[in-house]
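See below for the structure under consideration.
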Amino acid sequence: MWTARRRTDHDPTSFDHLAETYERRDELTRGWVTGWLMDQLANRHGGSAVDLGCGNGRTALILADHYRQVRAVDLSPEMIRLASSRRPHPRVTYECADLDRVQGQYDLVVSIMVLHHVPDIRATLAHISRLVAPGGMAILVDPAGPRERRWQFHLRHVMALYGDLRDRRARAWEHFRLKSDRRWMDHLVSDRFLTVEQFRDVYARALPGAVIGTVNGLHSAVWQRP
């Protein structure tokens with residue numbers, strides 16, 4: 001009975017109880033697609049940007065190097081608290097909000113590793129397309145693929161640990177511990193992804209002319225609004 005209660009003491013889809021774990025993992029991995037995103041933004045500047053699902057605020061700081069005003073929103077109050085306290089910036093405004101309720105138009109709309117959480121991806125993509133100002137850009141990155149079971153995640157983490165130890169990478173054990181945390185695993189098995197084929201079809205239909213690609217095992221859509 002104790003185990004059953006422990007396994008239901010939090011919402012596995014929420015990041016409220018994972019903010020510090022996410023922060024430390026992000027430090028160890030140096031971000032999912034940081035280098036790629038910076039390449040996408042090279043020589044690009046504008047007035048306004050919005051980061052939908054800003055998490056710990058690292059992406060918002062990158063955007064602040066290119067845009068005069070950055071709105072960074074996330075559904076998790078704990079993630080917004082962490083981002084506000086650790087990554088304040090005069091051009092970044094952090095806000096706890098549902099991305100589907102964000103209004104306005106922006107020169108850049110960014111969302112990294114977030115959209116698999118929304119209940120209706122087609123409606124959300126249509127909403128995002130309206131947030132992009134004429135001539136503006138949307139940069140969206142998300143996983144795609146089959147749903148995985150808990151044992152598959154464990155196996156992958158053990159294999160990654162073996163590779164990290166073989167290559168003598170610093171903090172290999174810490175990274176393994178964070179990835180194997182029960183709360184993090186509960187979150188991973190709660191995720192629901194589009195298949196690769198669905199990703200390409202759904203994003204291409206919602207954002208006609210978008211460049212669909214891959215980056216570090218994830219899938220991306222870069223769209224310029226006419």
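We did not get these values from a lab; they are worked out from the coordinates using the rules stated. Bear in mind that the values here come from a model prediction, so they are computed numbers and not experimental data. Glycine also receives a Cβ, built like all others from the backbone with ideal geometry; neighbour counts cover every protein chain displayed.
Could you check how many residues of the range 76-95 are farther than 24 Å from TRP36 by Cβ and surrounded by fewer than 20 Cβ atoms within 10 Å (Cβ to Cβ)?
9
If PRO143 meets every condition in (1) surrounded by fewer than 20 Cβ atoms within 10 Å (Cβ to Cβ); (2) within 18 Å of ALA204 (Cα to Cα); (3) in contact with an Asp or Glu (Cβ under 7 Å, 6 or more places away or on another chain) apart from one, which number is that one?
Here PRO143 meets the rest and fails (3).
I'd like to check which strands (runs of 3 or more DSSP E) are fully inside the range 27-131 and have at least 3 residues that are touching a residue at least 60 places away in the same chain (Cβ under 8 Å). Before the answer, list the steps.
Numbers: elements: 46-52, 67-74, 92-96, 106-112.
Passing ranges, in order: 46-52, 106-112.
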